[in-house]
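Encoded as structure tokens, the structure appears first; notes follow it.
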Amino acid sequence: MMAMVNLSLPAPAKSPSRPPPKLSSHSSVPLSVNRPVNFEPLRHRLIKHLDAGHLHKAISTLDVMASHNAHQDLVTYSLLLKACIRSRDFQLGKLVHCHLTESKLELDSVLFNSLISLYSKAGDWTKAREIFESMGNKRDLVSWSAMISCFANNKMSFEAILTFLYMLDNGFLPNEYCFTAVIRACSTSEFFPIGEIILGFLVKTGYLDFDTNVGCALIDMFVKGNSDLESAFKVFDKMPDRNVVAWTLMITRCTQLSYPSGAIELFVDMVLGGYMPDRFTLSGIISACTELESESLSLGKQLHSWVIRSGFASDVCIGCSLVDMYAKCTIDGSLDDSRRVFDRMENHNVMSWTAIITGYIQCGGRDMEAIELFCKMIEGPVPPNHFTFSSVLKACGNLSDSRTGEQFYAQAVKHGFASDDYVGNSLISMYAKSGRMDDAQKAFESLFEKNLDSYNTVVDAYAKNLDSEGAFELFHEISDFGVEVNAFTFTSLLSGASSIGAIGKGEQIHARLLKSGFQSNQCICNALISMYARCGHIEAAFQVFNEMGDRNVITWTSMITGFAKHGFAARALEIFHEMLKAGIRPNEITYIAVLSACSHAGLVSEGWEIFKSMHKEHEIAPRMEHYACMVDLLGRSGLLREAIEFINKMPCTPDALVWRTFLGACRVHHDKELGEHSAKMILQQDPHDTAAHILLSNLYASSGQWEDVARIRKNMKERNLIKEAGCSWIEVDNKIHRFHVADTSHPQVQEIYDKLDEMALKIKGLGYVPNTDFVLHELEEEQKEQFVFQHSEKIAVAFGLITTSRPKPIRVFKNLRVCGDCHTAIKYISMATGREIVLRDSNRFHHFKNGTCSCNDYW
């Protein structure tokens, strides 16, 4: 049997006796001065100050005694150290340590343990270990526990686990504090397997059945180390004595692992069980409301009422959660409630400022107000932290304002955040969104320490800038360095593949994530649906959708959007109604997807019904995008007068998006008068709107008004407005091949044009007649016919015919709207070759098969 360790406090040490100092016979000092000074009143005063919580006065008394070469006993030093640790005044604690060293007293294990705890909490693990190693045979169970806890607190998991094993080798049986500390060290994916082994040891000792702290540590280990809520719940259910801390922890972890409904259920059980929620519980459950997909605002308001009744209205932590909740749960995009909570808070800290600034950014389109709030913040007494700087840099990125962002980054450097990962990653993202990828790459390379988040940021930046090659190169670099990728990495890569239609790369990523065990991850499944849909393989997207067990609003919206873009309006509406039956509340994006589906199929009455149901059934106020969808629906259907009437009756001023949509419809239906009116309205708002100039120019060109075309083109040149060049591309053998109009740069150019000539003869024999109205230049008819057959999408299709074989579809992508002649020609090509051709333009997908298109010539 192991001898029991005696942890009782030792008796106060006696001060060594000193002979009274000898006085010189010549001394004129009065005899009374030479008598021994009685320090007992000072000792009593020091203890009295400690009992009253006056730590500084106690230390001052200690200084007085030290100046007379008198020192306290070990018990008093122990009390002083513990008071410094409790108040987190580590500098005073270090001063006490200095006095203790000067006293020459022999320290006992209690004092050694207090010193380890002091330096551990101060973040000085080196000094803590030095003290621990100097203890020799005075180490007891508390010493080992303190050292394990020190390493765990300082994110030194390996050292903590190693110290735990050394402790066992030295014959000590761990108690609940040791187990809590070492389990905390195992709360990472790297050391989680060791945590499972320690759990087996723990079960044998019986601590799991009665200690709440051990239970809480295990919950954290399962959640943080393995994202395993099921096992966390098993631990929680096994805990016989759950306190408010345990309930709050479980509620918080449910929210963090995207299980807000579970957090709400726990909160209800907690209240019904007679437990009184504290400020941390209320803050956590309000945060859970922001993650709910339905009734989130209603529940959040009820909790807000509870907060007021419970007397927590002035609590800063709860106030931050309320600001965040109202910002994220807003129905009509308004931040009035969020701002009202913020303005009524008596005291602001960095969290409340960051919450409201982030709220404006997440709301969309209010980045300038976020920047103004940040400027107001830095003028006040609360300094921004790394999260605040990260948010404001994101706002600058959304505005493509890298110059202002660089000024804010300079401020971040002054505040000591030059090497902070959050700030560095936001800087990368800001440069990328501003189109400065070279600077984004430099910012990435200059990071003090690259972690997975850093790689994810730059991978995402390359993906969003349509540079999937750069994104995939970095992915391979991550793998080479042995960094374990996460869900965000795969999501970014899938986004990169979908942005350029690289289905081959997308399928490779799909295979890789299956091997990595991410096949059931909701975010990744949503990204897979989007990738397959945007790459033209809508049935593969639908298969992923059907195999998903847990679908959220993003899942349903992604599938609806996919069907809408592919022209399958009936299936899009069917999924929408299934979504409503499943109890999932649609959001603003869902309604954009459904209205787009109606627009692509000309379902005017269905579109009107859905548009009216937004506010009536779900209290969603239409945004500008929804109005633009309705204008598109009416315009595509040729109802231009109804569309202009709808615009004139809008409750808000139509923006350029609405007028641009209407101008596009005027171009399709050759309505010069309304087209000129819409162009005028756009240019009043933005004289430099390139799209308005081009659409109006095309409208004039289709009517043969070449003088007006020349006038607009001259105006564009004077304003330095550049039309985006048409470009088509196709993926063959995991490589992207790009083509422009009349392109001759490809290595296989001769084969491509030979195939084009062959196709031209075949389809003309089937009845194809070139439509030269789509040549928007003043040329001879023969030149126009030659020019129209050299459009980039036809070249890409020809390349696909010579490099791919049946039954694989030819998938071509174009950055602009496909022209009418190319649409007709590709229908004939599909008939002549028997090949299925899928074309994605800037608006939608066209599935060509046996001489017909899925759009039924309505696009």
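The values are calculated or read from the model by the stated rules, or taken from the named source; none is laboratory data. Since the structure is predicted, the reported quantities are computational estimates derived from the model, not experimental observations. We place every Cβ from the backbone using ideal geometry, glycine too, and count neighbours over all the protein chains shown. For the accessible areas, the whole protein counts, side chains as well, though only heavy atoms, and no ligand, DNA or RNA atoms are used. Shrake-Rupley method; radii C 1.70, N 1.55, O 1.52, S 1.80 Å.
Quick look at the numbers
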read-out: Those residues of the range 388-407 whose amide nitrogen sits under 11 Å from the label point placed on ALA418, 7 Å along Cα→Cβ; value: none
read-out: Nearest-10 value in Å² for the accessible area of LYS814, using the 1.4 Å probe; value: 20 Å²
read-out: Distance (nanometres) between label positions extended 7 Å along Cα→Cβ at LYS238 and LEU162; value: 3.0 nm
read-out: Area of CYS822 that stays accessible when all protein chains are in place (1.4 Å probe, Å², to 10); value: 0 Å²
read-out: Volume per residue that the Cα convex hull of the range 728-853 spans, once the total is divided by residue count, Å³; value: 102 Å³
read-out: Phi-based couplings in Hz for the range 84-97 (Karplus 6.51, -1.76, 1.60; Gly and Pro marked x); value: 5, 5, 4, 7, 6, 9, 6, 5, 5, x, 5, 5, 4, 4
read-out: Subset of LYS121/LYS155; LYS680/LYS723; LYS414/LYS450; LYS394/LYS505; LYS328/LYS442 violating a 24 Å alpha-carbon distance limit; value: LYS394/LYS505; LYS328/LYS442
read-out: Cβ charges +1 (Lys, Arg) and -1 (Asp, Glu), total dipole of the range 616-770, debye; value: 320 debye
read-out: Paramagnetic reach from ALA410 (point 7 Å along Cα→Cβ, amide N under 17 Å) across the range 355-378; value: 375, 378
read-out: Anisotropy class of the range 230-296 from Cα gyration tensor, a/c 1.5 cut; value: oblate
read-out: Förster radius 35 Å - calculated FRET efficiency between THR126 and ASN347, Cβ distance, rounded to 0.05; value: 0.40
read-out: Protein-only accessible surface order, largest first, of LEU513, LEU272, LEU696 at 1.4 Å; value: LEU272, LEU696, LEU513
read-out: Mean ellipticity per residue at 222 nm, deg cm²/dmol - from DSSP H runs of n ≥ 4 across the chain, formula -39500 (n - 2.57); value: -20500 deg cm²/dmol
read-out: Relative contact order [Cα under 8 Å, 6+ residues apart], the chain, whole percent; value: 4 percent
read-out: Loop chymotrypsin sites (Phe, Trp or Tyr not before Pro), the range 194-243 (other Cβ atoms within 10 Å of the site Cβ: 16 or fewer; DSSP); value: PHE210
read-out: Nearest 10 degrees, 0 to 90: helix 367-379 Cα axis against the chain principal axis; value: 30 degrees
read-out: Kirkwood-based Rg to Rh ratio, the range 180-308, C-alpha trace; value: 1.01
read-out: Area accessible to solvent at ILE197, 1.4 Å probe radius, in Å²; value: 120 Å²
read-out: Per-pair calculated FRET efficiency, R0 = 45 Å: LEU452 and HIS746 via Cβ, rounded to 0.05; value: 0.75
read-out: Separation of alpha-carbon centers, the range 347-383 and the range 616-689, rounded to whole Å; value: 34 Å
read-out: Rounded FRET efficiency, nearest 0.05, which uses the C-beta distance separating ASP733 from GLN543 and R0 of 30 Å; value: 0.80
read-out: Inter-label distance for THR690 and ILE722, nm, one decimal - labels placed 7 Å from Cα along Cα-to-Cβ; value: 0.7 nm
read-out: Calculated from backbone phi, Karplus (6.51, -1.76, 1.60) coupling profile of the range 103-109 in Hz, x at Gly/Pro; value: 6, 6, 6, 7, 6, 9, 5
read-out: Estimated inter-spin distance, GLU445 and ARG641, nm [label 7 Å along Cα→Cβ]; value: 6.4 nm
read-out: Folded to 0 to 90 degrees: helix 316-328 orientation relative to the chain principal axis, Cα; value: 10 degrees
read-out: Cα-based helix-to-principal-axis angle, 672-685 vs the chain, degrees rounded to 10; value: 20 degrees
